[in-house]
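Each remark here refers to the structure printed beneath this line.
Each value in this text was obtained by applying a stated rule to the coordinates, not by laboratory testing. This structure is a prediction, so every number in the text was calculated from the model and none was measured. Glycine gets a Cβ as well: all are built from the backbone with ideal geometry, and neighbour counts include every protein chain shown.
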Amino acid sequence: MKKDGRVRMSVVLQPTLWGAKDPPAITLFKRAGFNVHWDSRGPPASSFDIRQQGLANGTTDCILASAEALGKNLATGVSLAAVLPRQSAHLGLVAALGTLHPTPANPVGLDPRATIAVGSLGQQSQLLALCPNLDIVQPDCPVSALQQHALDAIVIPMHQIEGADLENLDLIELREEIMLPPPGAGTMVLVARTGDPLGKTLKSLDDPKTRRCLSAERSLADALGRPAGLACLATQGVDGSIRLQATLAGTASDPRSALVRIGAVATTPEAAAELCRLALEECLDQTSSKS
């Protein structure tokens, strides 16, 4: 694993998650003294289990992955070696130039009957709560569809937009006041074999603040059974407290049935997640009793 006194890693990257040839993670690795081989031919982003098999059989020393892709449990013998500093967790609304006109009553600035590509049930429900008459479609090459005027707008993560060419496009950053992102949004993690000496080296890249926020989001998602309609965002206060905001959509057949947004502040990620879980389940119980 070492050559010329430097640690070598075979890191499986997913460049589509970053939208750049030189993602911030690579810069972090280089500053830490790693000689990184960027393997862009790995399995697709959805096959995280296959990537973990590569760790188990020794063909890969470390996986760089989106925290959104992590399941409830990692494979046996695999652990979260580092949580990298979070990029923007916010979502962005992109549309043709001059078509977005935000107002206090319509913060997304969309025409009430616009056609918009939104992938997540949680994001669909939040948009429809703001604009009930929107025509929501699933993303299918959304950027090209936007350019070809087949769509009026798309919702994509801000960290994929940053640095992109936005000529002839309007962009509104959908901050948490408008829309909460999926759990783990904007966060990349490093996964390595448990007990591998490499893990200690990777720990130098760990960002404790982001790890605590990610822990709160993952704890809430796990406690609720990882529902597709969950959207949440944790932030850390100056006093170290964790503020967790969350909302939960109803069913895919009725994405307008989003529950009210709830929030909690606690001293630990686990406590914040538990408070939010109780509040969401109370909302679910009230909704069920009314129906």
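Before moving on, here are some points about what is shown:
- Each residue of the stretch 169-178 was assigned a 3J(HN,Hα) from its phi angle through the Karplus curve 6.51 cos²θ - 1.76 cosθ + 1.60 (θ = phi - 60°); the sequence is 10, 9, 9, 10, 7, 8, 5, 4, 5, 9 Hz, with glycine and proline shown as x.
- HN-Hα J in Hz across the stretch 99-108 - Karplus 6.51, -1.76, 1.60, θ = phi - 60°, x for Gly and Pro: 9, 9, 10, x, 9, x, 7, 9, x, 8
- Cβ-based exposure ranking for 29, 48, in which fewest neighbours within 10 Å come first: 48, 29
- For residue 216, the shell of other residues with beta-carbons less than 13 Å away shows a net charge of +3, using +1 for Lys and Arg and -1 for Asp and Glu.
- Taking amide H atoms as placed 1.01 Å from N in the peptide plane, the amide H of residue 249 lies under 5 Å from those of 229, 230, 231, 259, each 5 or more residues away in sequence or on another chain.
- Rounded to whole numbers, the Karplus 3J(HN,Hα) couplings from phi for the stretch 81-93 are 7, 7, 10, 6, x, 5, 7, 4, 8, 6, 9, x, 9 Hz, using 6.51 cos²θ - 1.76 cosθ + 1.60 with θ = phi - 60°, and x at Gly and Pro.
- Potential extension, residue 150-residue 105 segment - 0.36 nm per residue separation minus Cα distance: 13.6 nm
- Of the peptides 211-217, 168-174, 132-138, the order by per-residue mean of other Cβ atoms within 10 Å, starting with the highest, comes out as 211-217, 168-174, 132-138.
- Electrostatic tally near residue 93: other residues with Cβ closer than 13 Å to its Cβ, Lys and Arg +1, Asp and Glu -1, net -3.
- Annotation: amide H of residue 62 within the under-5 Å range of 10, 12, sequence separation 5 or more or interchain, hydrogens built in the peptide plane.
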